[in-house]
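Okay, so here's the structure we're looking at.
The values are calculated or read from the model by the stated rules, or taken from the named source; none is laboratory data. Just so you know, these numbers come straight off a predicted model, no measurement behind them. Neighbour counts run over all protein chains shown; Cβ positions are idealised from the backbone, glycine included. The area values use the complete protein model at the heavy-atom level, side chains included, leaving out ligands, DNA and RNA. Shrake-Rupley method; radii C 1.70, N 1.55, O 1.52, S 1.80 Å.
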Amino acid sequence: MNIGNHYIGLIEKYRDRLPVSKDTRLISLGEGATPLIRLQNIPRALGKQVELYVKFEGLNPTGSFKDRGMTLAVTKAVEAGSGAIICASTGNTSAAAAAYAARAGIACFVVIPDGKIALGKLAQAMIHGAVVIQIQGNFDAGMALVKQVANEAPVTIVNSINPFRLQGQKTAAFEIIDALGAAPDFHCLPVGNAGNITAHWIGYCEYSSVSGKNVTAACTFCHGQCAFVHGAVAISRPKMVGYQAAGSAPFLRGAMVDNPETVATAIRIGHPQSWDQAWKVKEESGGWFDECTDEEILAAQKLLAGKEGVFCEPASATSLAGALRDIKTGKIPEGSRVVCTLTGHGLKDPDTAIKQSKDPLHKVKAELAAVKKAILENMPR
Ligand SMILES: *Cc1c(COP(=O)(O)O)cnc(C)c1O
């Protein structure tokens with residue numbers, strides 16, 4: 001129940017655009033309504049006139065955008081009478097699934113890769129009481145197994161192949177238009193399974209429209225669900241830009257990648273589940289795919305944390321790393337309004353953050369002179 005103006009989550013907020021009825025029991029943790037932060041110091045240092053924003057999805061209840069999709073996927077699973085959910089995960093999906101299952105009072109099974117899962121994400125799945133199944137294989141192997149097992153056991157898949165996931169995730173685009181009064185010119189995202197870039201495009205197609213043009217013609221995703229804007233004429237849509245980690249970039253190779261590798265474990269995916277959809281998003285929006293090296297990704301993560309006070313996980317920084325490069329080269333021209341999605345919180349992966357911070361610690365005696373020396377030696381000049 002909504003009391004006064006108390007925000008109670010994205011399903012309630014965008015109820016008329018989501019597949020729920022007035023009787024549906026909502027499984028929510030207050031997800032969504034994340035901040036859209038305008039960057040100041042990074043664009044200034046770059047010397048480029050761009051309006052650059054980050055949508056900090058790390059501030060969702062379990063620390064990633066996966067909560068947007070999970071609130072609806074679990075709501076619909078419960079509505080359909082399911083008593084158990086399952087997912088394959090590089091970490092954040094399992095954290096979200098575990099939390100929303102706990103909230104709903106149903107069972108949760110998560111299939112995670114052997115190693116290469118950030119510590120915070122594993123901690124979340126465990127503390128929320130999920131059954132954690134660690135396989136001797138990567139995410140893609142886990143995904144294939146989950147699809148098979150869901151045919152043989154009474155479990156609902158809550159990976160992004162579950163259509164309710166993308167329906168929930170599209171609300172991020174609604175929030176951006178609500179905040180800016182229009183769509184940005186460019187929307188940059190990290191791409192793993194490509195569910196999120198697809199979901200954003202669904203949201204932009206539904207919520208805005210092109211002046212003088214009818215949205216219906218271009219929107220191939222809604223399957224009639226966005227009937228309320230079809231025929232309406234309104235504003236614009238962004239070019240969608242998807243960045244991948246170089247060692248894990250099937251959209252750049254133009255083919256699946258069998259042994260994906262990257263420090264950005266959340267996008268260490270070689271067989272994207274939304275392959276066809278993401279190509280359509282690129283075509284329809286006039287955007288592009290590109291790749292970033294692990295060095296570029298970590299540098300962007302550190303830059304954002306050090307210059308703007310925003311701490312995202314490595315995979316999330318891929319959007320900023322790519323955007324900064326494309327702003328520098330002019331591929332994203334001056335005068336543009338750009339939104340980068342920061343998909344997850346930096347606290348998810350403390351190991352990587354500590355490893356790449358030089359000068360992290362000054363170990364000194366517990367004496368005034370020693371502490372004073374450490375301060376004076378490290379004063380900015
Ligand atoms: C899931 C995830 C991604 C990738 O999103 P896709 O929808 O799989 O493309 C990127 N970053 C983080 C932090 C994630 O958890």
Within the set of pairs 6 or more residues apart or between chains, which connect a residue that is closer than 17 Å to T293 by Cβ and β-branched (V, I, T) inside the stretch 240-260 to a residue that is open to solvent by 50 Å² or more (accessible area, probe 1.4 Å) and within 12 Å of the ligand (Cβ to nearest atom) with Cβ atoms less than 9 Å apart? V257/H271
For F289, state whether it is under 27 Å from K170 (Cβ atoms), in contact with a Leu (Cβ under 9 Å, 6 or more places away or on another chain) and open to solvent by 40 Å² or more (accessible area, probe 1.4 Å). no
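Yes or no, residue by residue, for (1) in contact with a Pro (Cβ under 7 Å, 6 or more places away or on another chain); (2) in a helix (DSSP H, G or I); (3) of a type in the set (A, V, I, L, M, F, W, C); (4) at pLDDT 95 or above:
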| site | (1), (2), (3), (4) |
| --- | --- |
| G142 | yes, yes, no, yes |
| Q148 | no, yes, no, yes |
| N159 | no, no, no, yes |
| A172 | no, yes, yes, yes |
| E175 | no, yes, no, yes |
Taking the stretch 10-29 and keeping only residues that are more than 15 Å from E79 (Cα to Cα), open to solvent by 30 Å² or more (accessible area, probe 1.4 Å) and part of a loop (DSSP other than H, G, I, E, B), one is left with L29
Report, by residue number, each residue of the stretch 176-210 that is among the hydroxyl-bearing types (S, T, Y) and within 16 Å of the ligand (Cβ to nearest atom). T198, Y204
Please specify each residue of the stretch 117-132 satisfying the condition of being surrounded by fewer than 16 Cβ atoms within 10 Å (Cβ to Cβ) and either modelled with pLDDT under 95 or assigned to a strand (DSSP E or B) (or both). L119, V131
A97: open to solvent by less than 10 Å² (accessible area, probe 1.4 Å) and in contact with a Gly (Cβ under 8 Å, 6 or more places away or on another chain), yes or no? no
Report, ordered by the first and then the second residue, all pairs with beta carbons closer than 7 Å, sequence separation of six or more or different chains, a first member in the stretch 151-180 that is in contact (Cβ under 8 Å) with a residue 40 or more places away in the chain and within 21 Å of A278 (Cβ to Cβ), and a second member that is within 14 Å of the ligand (Cβ to nearest atom) and open to solvent by 40 Å² or more (accessible area, probe 1.4 Å). N159/Q273; S160/Q273; I161/Q273
Any residue at all in the stretch 329-341 that is closer than 21 Å to T265 by Cβ and either in contact (Cβ under 8 Å) with a residue 12 or more places away in the chain or surrounded by fewer than 24 Cβ atoms within 10 Å (Cβ to Cβ) (or both)? yes
Between A144, A96, which is within 21 Å of the chain's Cα centre (by Cα) and under 24 Å from I197 (Cβ atoms)? A96
Inside the stretch 59-75, can you point out the residues that are under 13 Å from the mean Cα position of the chain (by Cα), crowded, with 24+ Cβ neighbours inside 10 Å and either at negative phi or away from the ligand (no atom under 11 Å from the Cβ) (or both)? N60, T62, S64, F65, K66, D67, R68, G69, M70
Scanning the stretch 253-275 for residues that are within 15 Å of the ligand (Cβ to nearest atom), open to solvent by less than 50 Å² (accessible area, probe 1.4 Å) and aliphatic (A, V, I, L, M), the one farthest from G346 (Cα to Cα) turns out to be V257
Condition check for T156: within 21 Å of the chain's Cα centre (by Cα) and either away from the ligand (no atom under 16 Å from the Cβ) or within 15 Å of T71 (Cα to Cα) (or both): no
Qualifying residues in the stretch 220-240 (those that are open to solvent by less than 50 Å² (accessible area, probe 1.4 Å) and within 16 Å of S274 (Cβ to Cβ)) - the one modelled with the highest pLDDT: M240
What's the number of the condition T352 fails, among (1) modelled with pLDDT under 95; (2) open to solvent by 40 Å² or more (accessible area, probe 1.4 Å)? (2)
Answer yes or no as to whether T198 is at pLDDT 95 or above, over 30 Å from P350 (Cβ atoms) and touching a Ser or Thr at 6+ places or on another chain (Cβ under 9 Å). yes
Suppose we filter the stretch 178-201 for residues that are open to solvent by less than 10 Å² (accessible area, probe 1.4 Å) and in a helix (DSSP H, G or I); how many remain? 6
Filter pass, S316 being surrounded by 13 or more Cβ atoms within 10 Å (Cβ to Cβ), touching an Asp or Glu at 6+ places or on another chain (Cβ under 8 Å), hydroxyl-bearing (S, T, Y) and closer than 27 Å to G195 by Cα: yes
